[in-house]
Amino acid sequence: MIVAKKVMKQMEETGWIRRMFEEGIAMKKTYGDENVYDFSLGNPDIEPPDTLRQALIDALEHPVPGMHRYMPNNGYEEVRESVASYLREIHKVNFTPNHVYMSAGSAGGLNILLKSILSKGDEVIVPRPYFMEFKYYIESHGGVIKLVDTQDNFQLDMDKIEEAITKKTKAILLNSPNNPTGTIYSEETLRELASLLYRERKTGKKICIVSDDAYKKLVYGDVPLPNIFQIYDLVIAVTSHSKDLAIPGERVGYIAISPSIEESDSLISALMFSSRALGFVNAPALFQRIVARFQNSSVNIDEYREKRDVMYNTLIDAGFECVKPTGAFYLFPKSPVPDELQFVRTLQNEEHILVVPGRGFGKEGYFRVAYCVPMKKIVGAIEGFKRIGKKYY
Amino acid sequence: MPISKNISRLMKDSSWIRAMFEEGEKLKKQYGTENIFDFSLGNPITEPPQALREELIRIVCSDTKGMHRYMSNSGYEDVREEIAAYHRETAGLPFTKDHIIMTVGSAGGINVILKSLLDPGDEVIVLCPYFVEFRFYIENHGGIMRLVDTKEDFHLDIEKIGSVLSKKTKAIIVNSPHNPTGVVYSEAELKDLAALLNERALKGQKIHIIADEAYKKILYNGTVLPNLFQIYDNTITITSHSKDLALPGERIGYIAVSPRIKNGRSLIDAAIFSNRILGFINAPAIMQRLVGGFQKNSVDILDYQKKRDVMYSILVEAGFDVVKPLGAFYIFPKSPIPDDVKFVRTLQQHHILTVPGVGFGRPGYFRLAYCVELDMIERSRPYFKKVVESLKGER
């Protein structure tokens with residue numbers, strides 16, 4: 001066999017996602033794109049802000065010598081300064097360019113961060129349901145994932161987190177707004193978590209919060225996104241510009257290291273080493289310069305909110321049980337039958353509606369609906385959801 | 001918040017590189033950048049070809065819907081097809097888009113392939129002197145690096161390679177044109193290597209050649225790079241557009257898997273998966289669209305050749321023992337004293353920044369990267385002479 005055993009095993013684990021994906025493609029071929037309602041992918045259909053496109057043209061029409069060359073592994077200093085200035089403003093914490101590390105999206109940022117902090121056997125706590133790639137990211141760098149169930153409303157369960165903490169716990173990986181639930185962890189919850197981690201500190205456990213902030217600008221205003229940097233000291237946030245600026249294919253984001261972390265210099269050196277060793281080297285040059293100018297911008301949130309409302313109301317009207325999301329562009333309703341895989345197939349076969357079964361996020365009995373699609377697709381699926389609701393409820 | 005133990009150890013190992021770099025920076029501040037001859041970095045000053053810049057503007061202005069979105073983890077189909085066509089033509093083999101995976105430069109590509117291939121304890125042969133990051137790439141994915149010295153002229157020592165082959169050998173990394181020596185392996189020696197590996201294949205052991213072809217277009221005096229796909233079946237090449245199109249900061253390259261690899265499909269699937277889970281997801285979208293049509297283009301190679309000629313003549317004139325490079329933009333002379341680190345420090349005192357051979361696993365040598373202004377190379381001439389003069393008393 002050519003392929004590494006570990007990779008083979010991981011690929012088998014996710015094989016059913018691929019099969020579903022392929023069935024979806026086949027279905028689109030058979031029935032036509034317009035007759036299939038695909039809510040399975042987190043690949044937004046929206047375009048970057050017009051001003052961003054103009055900035056790209058400007059940058060290329062007025063080239064700066066060396067603009068496509070290597071730069072320091074952590075990115076251009078002026079870009080890091082403009083990110084730091086944005087972070088100072090929203091977090092009221094004294095970020096400098098040295099606390100910002102430009103990365104190849106948040107997936108790239110998480111990988112170089114985990115490689116930099118994990119020794120073999122170190123544990124990372126991840127609340128479940130969760131974005132499954134986290135498991136592979138952690139395992140790639142010798143870490144062990146410790147899954148901890150959230151409460152029924154998808155908020156953190158402090159008792160369960162406390163139970164999961166061991167001497168080996170290095171970090172807890174939070175994703176808020178959350179994929180797949182759209183939940184934002186409340187300020188109260190995060191304060192409880194912080195006091196738990198400070199209590200653990202007294203017994204010698206230095207646990208950091210790694211915050212995957214990929215959806216941080218997709219917040220609908222029902223609940224504000226708490227300022228995690230003001231709540232806990234050992235915080236490292238990983239941000240992507242994939243969603244807020246709608247440039248996922250360009251792979252640019254950054255790591256923000258809390259100025260309260262004393263060893264931030266050695267962490268940055270480690271990140272530089274890890275990004276070279278893993279082959280990232282640096283975040284793509286051209287888009288670093290672009291995103292520097294768009295720290296305060298975002299795609300239109302109102303549009304997403306409207307889609308969320310229509311989708312949520314559709315599901316509730318059809319009889320589904322569902323926590324109303326306050327951010328990101330996902331909903332995570334309960335499946336009407338315990339075997340959600342069976343339900344997802346029924347939805348696919350009878351209504352040509354594609355969603356992802358909850359087991360794809362470590363949580364059976366649920367399914368994920370990604371509503372980052374044109375409104376007419378959502379509206380088009382209303383009747384289908386209603387019919388399937390009648391069948392089960 | 002302590003960092004990973006393994007990383008701390010590795011960083012400590014390489015801390016002297018940092019120290020040297022910092023000394024160089026200090027010198028630049030003290031004497032002015034124009035009075036320091038910095039040959040330490042492989043970061044070319046060359047700008048991308050004009051046609052490529054224009055194409056990039058055209059792409060951005062075209063405002064194609066969805067042009068900045070995710071695409072398949074392996075990259076755009078049409079781009080992969082363009083690259084496959086280039087390979088059909090140059091290798092004469094039935095490459096299709098499925099044999100090509102767009103990657104985040106060659107560093108990204110090599111990591112992806114190694115993760116896809118290596119089980120814990122598998123061995124990868126690396127030819128010394130070597131680009132030190134290869135070690136980290138291999139160790140990232142649980143592999144073990146087996147170093148094999150090349151000959152005095154930096155060409156392959158087939159016997160030595162044969163002697164380190166074991167049941168655990170999974171791959172050999174071949175980097176030609178070579179960093180740090182500028183050597184280009186000949187067709188004959190690569191055929192010898194293929195014959196050696198084919199003996200193993202008869203016994204059921206599949207050893208892959210992973211060819212790091214980051215410098216494949218930078219060849220001098222009509223040197224032709226032998227086509228490894230024609231020489232050995234189990235070949236995977238990794239291409240970067242950092243040097244040929246002068247886009248190192250944009251992180252764009254690709255993996256090409258030989259159509260002759262049996263069950264190659266499973267390797268390709270694994271590589272696509274690894275590209276995703278290592279966090280690359282996909283190569284940067286806009287750069288993918290750009291490079292597809294530039295497979296036959298490159299920056300001005302004659303410009304590099306001129307720099308090579310001047311650099312080589314300066315070194316020979318000053319009395320250095322040096323192999324004339326046929327490609328890349330590095331030259332790897334013997335240090336006049338056995339302690340290369342000490343010699344590199346002496347060079348520093350004469351305002352010349354280089355990297356000691358120990359940084360490439362071969363003490364007693366030093367590396368010069370001549371991807372700098374020609375004028376700077378010219379101006380360094382008397383300084384090299386002075387350094388050699390200054391050593392005469394010592395010897």
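Quick note: the coordinates plus some simple rules give every number you see, no bench work behind them. If you're wondering where the values come from, they're calculated on a predicted model, not measured in any experiment. So basically every Cβ, Gly included, is an ideal-geometry build from the backbone, and we count neighbours across all protein chains shown.
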R0 = 56 Å: FRET efficiency of residue A:223 with residue B:297, Cβ-based, nearest 0.05? 0.60
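Which FRET efficiency value, to the nearest 0.05, is calculated for residue B:16 and residue B:54 with the Förster distance at 56 angstrom and r the Cβ-Cβ distance?
0.80
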Rounding to the nearest 20 debye, state how big the charge dipole of chain A is about its Cα centre with +1 on each Lys and Arg Cβ and -1 on each Asp and Glu Cβ. 920
Using a 10 Å cut-off on Cβ to Cβ distances, tally the other chain neighbours for every residue of A:67-74 and report the average as a whole number. 6
Projecting each Cα onto the charge dipole of the protein assembly as shown (Lys/Arg +1, Asp/Glu -1 at the beta carbon, about the Cα centre), which of A:346, B:290, B:106 comes out farthest on the positive side? B:106
Those aspartates and glutamates that a straight Cα-Cα span of less than 15 Å connects to residue A:9, excepting residues fewer than 8 apart in one chain: A:133, A:139, B:119, B:269
For residue A:339 and residue B:191, FRET efficiency with R0 = 51 Å and r from the beta-carbon atoms, rounded to 0.05? 0.30
Options B:68, B:96, B:79, ranked by Cα towards positive dipole end of segment B:58-100, top entry (Cβ charges): B:68
State to the nearest 20 debye the size of the charge dipole of segment A:299-360 about its Cα centre, where the only charges are +1 on K and R beta carbons and -1 on D and E beta carbons. 220
Per-residue average of Cβ from other chains inside 10 Å of B:246-255: 5
Ordered by packing density, taken as the mean number of other Cβ atoms within 10 Å over each peptide's residues, highest first, how do A:67-79, A:374-386 rank? A:67-79, A:374-386
So which of A:334/A:390; A:217/A:243; A:120/B:168; B:217/B:262; A:120/A:146; A:334/A:386 end up more than 18 Å apart by C-alpha? A:120/B:168; B:217/B:262
Skipping prolines and chain starts, which residues have an amide H placed within reach, meaning under 5 Å, of the one on residue A:128, given they are 5 or more residues away or on another chain? A:148, A:149, A:150
Along the charge dipole of the protein assembly as shown, Cβ charges K/R +1 and D/E -1, which of A:291, B:140, A:229 sits furthest on the positive end? B:140
Per residue of A:100-108, how many C-beta atoms from partner chains lie within 10 Å of its own C-beta, taken as a mean? 3
Ordered by residue, what ³J(HN,Hα) values in Hz, to whole numbers, does segment B:210-220 give under the Karplus form 6.51 cos²θ - 1.76 cosθ + 1.60, where θ = phi - 60° and Gly and Pro are x? 9, 9, 7, 9, 4, 10, 4, 8, 9, 10, 10
How far is helix A:375-392 tilted off the main Cα axis of chain A, in degrees rounded to 10, range 0 to 90? 50
Longest principal axis of chain A (C-alpha) makes with the long axis of helix A:77-91 (C-alpha) an angle, in degrees to the nearest 10, of 60
Quick one: what are the phi-derived ³J(HN,Hα) couplings along segment B:186-197, Karplus 6.51/-1.76/1.60 with θ = phi - 60°, whole Hz, x for glycine and proline? 7, 4, 4, 6, 5, 5, 4, 4, 4, 4, 4, 6
I want to check the label-to-label distance for residue B:62 and residue A:364. Put each point 7 Å from Cα in the C-beta direction and report it in nm to one decimal. 4.8
Read phi for every residue in segment A:208-219 and hand back ³J(HN,Hα) as whole Hz from Karplus 6.51 cos²θ - 1.76 cosθ + 1.60, θ = phi - 60°, with x for Gly and Pro. 9, 9, 9, 10, 7, 9, 4, 10, 4, 8, 8, 10
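How big is the equivalent ellipsoid of the protein assembly as shown along its three axes, where each semi-axis is √(5λ) from the Cα gyration tensor, reported in whole Å from largest to smallest?
So the three semi-axes of the protein assembly as shown are 47, 29, 25 Å.
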In terms of Cα to Cα distance under 23 Å, which lysines are near enough to residue B:29, apart from those fewer than 8 places away along the same chain? B:342, B:386
Nearest 20 debye, what's the magnitude of the dipole of segment B:66-294 about its Cα centre given +1 on Lys and Arg Cβ and -1 on Asp and Glu Cβ? 580
